[in-house]
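The values are calculated or read from the model by the stated rules, or taken from the named source; none is laboratory data. Quantities reported herein were computed from a predicted structural model and do not represent experimental measurements. Every residue, glycine as well, gets a Cβ built from its backbone with ideal geometry; the counts of neighbours run over all protein chains shown.
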Amino acid sequence: MFNDIKIGPITFHMYGLMIALGFFAALLLCLKRGKKRGLDEDIIWGIFFCAIVGGAIGCRLLYYIVELPQIIKDPSILWDFRNGYVVYGGIIGGALASFLYCRSKGVRFLTYFDLVMPAVALGQGFGRLGCFFAGCCYGRETDAWFGITFHNSQFAPNGVKLLPTQLMSSAGDFIICGLLLLYARRSPKEGRVGAAYLVLYGIGRFIIEFFRSDYRGSIGALSTSQMISIAVVAAGAVLFAVTGKRSKGD
C-alpha cells in the first residue's frame, strides 16, 4: 500500500526501513538498560548478532515446516526469499542462539533474557508497522470505519476493506514492551520478565489470529501460530513458576 515512499530522488522501502528501525531501537534499549544494570556490553552485542542470525534461520525453517505440503508440490518455494518468514520461528531461533552464546561465555542466560525481551517486543512493534506498509499479515474483510483498503499490495487483496491487523499487532507489541519495562522496575525474580513476555505475546498472538485472513497453516480449527501460541504461553507460565521456586530456595 505504502511500501515505496519517494521523497525527491530517494525511494524508501518502508518494510525494510521499519525492520531496521526495530533492530536499532531494540539494541539501543538493551544497551541503555544493560548499562544501568552493570551488564557486559560486549555480551549484549554478541546476543544481538546471535539473535539476528538465529532469528533469520528460525523464521525460514519454521516457514518450511508450515509450508511443507506446498514445498513438496513446488520445490521452487525453497529458493524464493521474497517472503516466507514466520515470526515465531524467529523468536525461537533467536532465543536458542542467544542461549548457546550465553553458555559459551559462561553468563546467566535468564539475566540477559529478562533484559532483551522488552526490546524484542519493541522491535516487533516496528516490524508489524513494516507489515502494514507492505500489506502482508492482513486482516479479514470488514465494514468497520477503521478498515484499510489496499490498492497496490503484492500480498493483501486489493480494493477490499480489511481489518488493520498489522496495526493492531503493532500496538499490542508496544503495549507489551511498556508493561514489561514497568514490571522490570519492580525488580522481579530472575527470569520472570522474560516469562511475562512469553505469556503476554502468546495470548496476544492467539487472539489476533482470529482476525487475520492470510494463510498460515492450520491444525484442526486453529492456525499453526495459535497452536504455537498455546505452547509459548504454557512455557512462559512454567518458567514464571519455576523461577519463583528457585528464588525461594536460595
*Within the stretch 140-147, can one find any residue that is among the hydrophobic types (A, V, I, L, M, F, W, C), touching a helix residue (DSSP H, G or I) at 6+ places or on another chain (Cβ under 7 Å) and over 17 Å from residue 87 (Cβ atoms)?*
no
*Report whether or not residue 6 is more than 18 Å from residue 128 (Cβ to Cβ), among the charged types (D, E, K, R) and either at pLDDT below 85 or under 20 Å from the mean Cα position of the chain (by Cα) (or both).*
yes
*Can you find even one residue in the stretch 50-57 that is within 21 Å of residue 129 (Cβ to Cβ) and either crowded, with 19+ Cβ neighbours inside 10 Å or in contact with a His (Cβ under 6 Å, 6 or more places away or on another chain) (or both)?*
yes
*Looking only at the stretch 9-31, which residues are aromatic (Phe, Trp, Tyr) and either in contact with a helix residue (DSSP H, G or I) (Cβ under 7 Å, 6 or more places away or on another chain) or modelled with pLDDT of 85 or more (or both)?*
15, 23, 24
_Of all residues making up the stretch 192-216, the number that are within 16 Å of the chain's Cα centre (by Cα), closer than 19 Å to residue 66 by Cα and among the small types (Gly, Ala, Ser)_ = 1
*Out of 91, 77, which single residue is assigned to a helix (DSSP H, G or I), modelled with pLDDT under 95, in contact with an Asp or Glu (Cβ under 8 Å, 6 or more places away or on another chain) and farther than 19 Å from residue 164 by Cα?*
77
*Give me the pairs: first residue in the stretch 170-195 and farther than 26 Å from residue 130 by Cβ and without any contact (Cβ under 8 Å) to a residue 60 or more places away in the chain, second residue aliphatic (A, V, I, L, M) and surrounded by 18 or more Cβ atoms within 10 Å (Cβ to Cβ), beta-carbon distance under 7 Å, and six or more apart or on different chains, which are they?*
183/193; 183/196; 195/239
*Looking at 47, 43, which is the one that is modelled with pLDDT of 95 or more, touching a Ser or Thr at 6+ places or on another chain (Cβ under 6 Å) and either in a helix (DSSP H, G or I) or not hydroxyl-bearing (Ser, Thr, Tyr) (or both)?*
47
*Quick one: which residue in 34, 84 is surrounded by fewer than 23 Cβ atoms within 10 Å (Cβ to Cβ) and modelled with pLDDT of 95 or more?*
34
